[in-house]
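The values are calculated or read from the model by the stated rules, or taken from the named source; none is laboratory data. All figures in this text were calculated on a predicted structure; none of them were measured in a lab. FYI the Cβ positions are ideal-geometry reconstructions off the backbone, even for glycines, and counts take in every protein chain you see. Keep in mind that these areas ignore ligands, DNA and RNA; they rest on the heavy atoms of the full protein, side chains included. Shrake-Rupley method; radii C 1.70, N 1.55, O 1.52, S 1.80 Å.
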Amino acid sequence: MAAAELAVFDALTAGVTLGVVYQDVPAGTQAPIVIVAEMTEDPLPSKTSRTVQISLTISSEVWQPARRPILLLRQQVKDALHGKTLLQDSFEIKVLWLNGDARQVDERTYFGTDEFTVFASPV
């Protein structure tokens, strides 16, 4: 759903200062970055509801020799989205954080993943 993706992107761009937010990362981009990685949508199981439930994955990457920068970046992602109600293109978009993790890939690269559930309803 384009409205939800745009609302999430705008909220991340406004709330994340420790990295650059992308939907499509250009080749050669340097970290730290935040990526609107995956969005999968399913209608709610109701014949009358027009609300769509979206599974959203946000990925983060930093190149630092310590874990703290990825944790701070992930916290900004969570703060920008969790519990927020966003309005975009006649849709009300509610975002809830589900879970996340941070993992070290090598001595200077950390990846983070955060998963959210998004409900988009026409207003």
Per residue of the chain, what 222 nm ellipticity follows from adding -39500 (n - 2.57) for every DSSP H run with n ≥ 4, rounded to the nearest 500? -7500 deg cm²/dmol
Inter-label distance, nm, simple model (7 Å from Cα along the C-beta direction), Leu71/Gln23: 3.3 nm
Please list, by residue number, every one of the GluC sites (Glu not before Pro) in the stretch 31-123 that is coil in DSSP and has at most 10 other beta-carbon atoms within 10 Å. Glu107
For Lys47, which lysines qualify as cross-link partners when the Cα separation must be under 26 Å and same-chain residues fewer than eight apart are set aside? Lys94
Two decimals is fine: what's Rg over Rh for the chain, C-alpha atoms, Kirkwood radius as Rh? 1.01
Out of Pro69, Pro32, Pro43, any idea which swings most in a Gaussian network model of the chain, alpha carbons joined below 10 Å? Pro43
Does anyone have the angle between helix 2-15 and the longest principal axis of the chain? Alpha-carbon axes, 0 to 90°, nearest 10? 40 degrees
Once the piece of chain linking Thr85 and Thr40 is laid out straight, how much longer is it, given 0.36 nm per residue of separation minus the C-alpha distance between them? 14.3 nm
Using a 1.4 Å probe over the heavy atoms of the protein chains, calculate the carbon and sulfur portion of the accessible area of the chain as a whole percent. 52 percent
Residues of the chain: accessible area per residue with a 1.4 Å probe, Å²: 56 Å²
Restrict the search to the stretch 36-69; then list the trypsin sites (Lys or Arg not before Pro) that DSSP places in a loop and that have at most 10 other Cβ atoms within 10 Å of their Cβ. Lys47
Phi angles of the stretch 21-38, converted by Karplus (6.51 cos²θ - 1.76 cosθ + 1.60, θ = phi - 60°) into ³J(HN,Hα) in whole Hz with x for Gly and Pro, give 8, 9, 9, 10, 7, x, 4, x, 5, 8, 6, x, 9, 10, 10, 6, 7, 9
Using a 1.4 angstrom probe with every protein chain in place, what is the largest-first accessible-area order of Leu87, Leu81, Leu72? Leu87, Leu72, Leu81
Would you mind checking the tilt of helix 68-81 against the longest principal axis of the Cα atoms of the chain, expressed as 0 to 90 degrees and rounded to 10? 10 degrees
All Cα pairs of the stretch 17-89, percent lying beyond 16 Å: 60 percent
For the chain, give the share of DSSP beta bridges that are antiparallel, in percent and rounded to the nearest 5; count only bridges with both residues there. 95 percent
What ³J(HN,Hα) values, in whole Hz, does the Karplus curve 6.51 cos²θ - 1.76 cosθ + 1.60 give for the stretch 91-96 when θ = phi - 60°, with x put for Gly and Pro? 10, 9, 10, 9, 10, 10
What's the long-distance tail for the stretch 73-123, i.e. % of Cα pairs beyond 12 Å? 67 percent
